[in-house]
1. Going through segment 46-88 one residue at a time, which ones are closer than 19 Å to residue 130 by Cα and surrounded by fewer than 17 Cβ atoms within 10 Å (Cβ to Cβ)?
2. In segment 28-48, what count of residues is obtained for those that are in contact with a helix residue (DSSP H, G or I) (Cβ under 7 Å, 6 or more places away or on another chain) and closer than 11 Å to residue 9 by Cα?
3. Looking only at segment 135-161, count every residue that is modelled with pLDDT of 75 or more, closer than 27 Å to residue 79 by Cβ and surrounded by 12 or more Cβ atoms within 10 Å (Cβ to Cβ) and tell me the total.
4. Test of understanding: among 39, 72, 32, which residue is touching a strand residue (DSSP E or B) at 6+ places or on another chain (Cβ under 9 Å) and modelled with pLDDT under 95?
5. Looking at segment 18-39, which of the residues that are under 17 Å from residue 51 (Cβ atoms) and surrounded by 13 or more Cβ atoms within 10 Å (Cβ to Cβ) is farthest from the chain's Cα centre (by Cα)?
C-alpha cells in the first residue's frame, strides 16, 4: 500500500452525534480493527461521515492516535443525476493550493441519492488535468498536513447544499 493513505471512516457510515457512547466507540474501533487486519497498516486518520462529529468523537480519535481530517472542497458527486461536467466545474472553480478535495467511491449520502459513481470516475481525469493546469500538485495527505499544527478549532468545510 505504498503511496496510499488509509483512513477510518467508521464501520457503518452513521451520523456520529446521534450515537450513544458505546455505539460510537464500536463504530470507530471495529473499523480500525478491520482496516488494520486487511491492510497491515493502522489508520492514522479518521473522517466522520458527512463531516459531522462532536467532542466525544474528537477525544476517541485522539485516544486512538487518529487525526481528524475533513475536506475543504466537495466535488458534490453524491448528488443524484450529477454529471461529469458538474463535478469538474464544482472542483476546479473553487480549489486552491492546500485544499483537500472530497470525492466518494460508493454509497448514498442522503436518502437514496448518489449511489452511482460513473460521473465521478469520468470526471477524475479532467479534474486531475485541471489541477495540473492551475499549477497544483496532488500529494499524499501526510505531506499536505505535515507542516500544519493540529488544532481544536472547527475547520472550515464546504458543506453540501
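The values are calculated or read from the model by the stated rules, or taken from the named source; none is laboratory data. As the structure is a computational prediction, the values presented were derived from the model and not from experiment. With ideal geometry, Cβ positions are generated from the backbone for all residues, glycine too; neighbour counts draw on all protein chains shown.
1. Matches in segment 46-88: 72, 83, 85, 86.
2. At the first step, the residues of segment 28-48 found to be in contact with a helix residue (DSSP H, G or I) (Cβ under 7 Å, 6 or more places away or on another chain) are 28, 32, 42-43, 45-46, 48.
Checking which are closer than 11 Å to residue 9 by Cα leaves us with 28, 32, 43, 45-46, 48.
Final tally of qualifying residues: 6.
3. Total meeting the criteria: 3.
4. Numbers: 39 fails: touching a strand residue (DSSP E or B) at 6+ places or on another chain (Cβ under 9 Å); 32 fails: modelled with pLDDT under 95.
Checking each option against the conditions leaves just 72.
5. Applying the first criterion (under 17 Å from residue 51 (Cβ atoms)) to segment 18-39 yields 18-19, 24, 27-28, 31.
Those still in the list that are surrounded by 13 or more Cβ atoms within 10 Å (Cβ to Cβ) too: 19, 24, 27-28, 31.
Working: 19: 20, 24: 18, 27: 16, 28: 15, 31: 15 Å.
Ranking the candidates gives 19 first.
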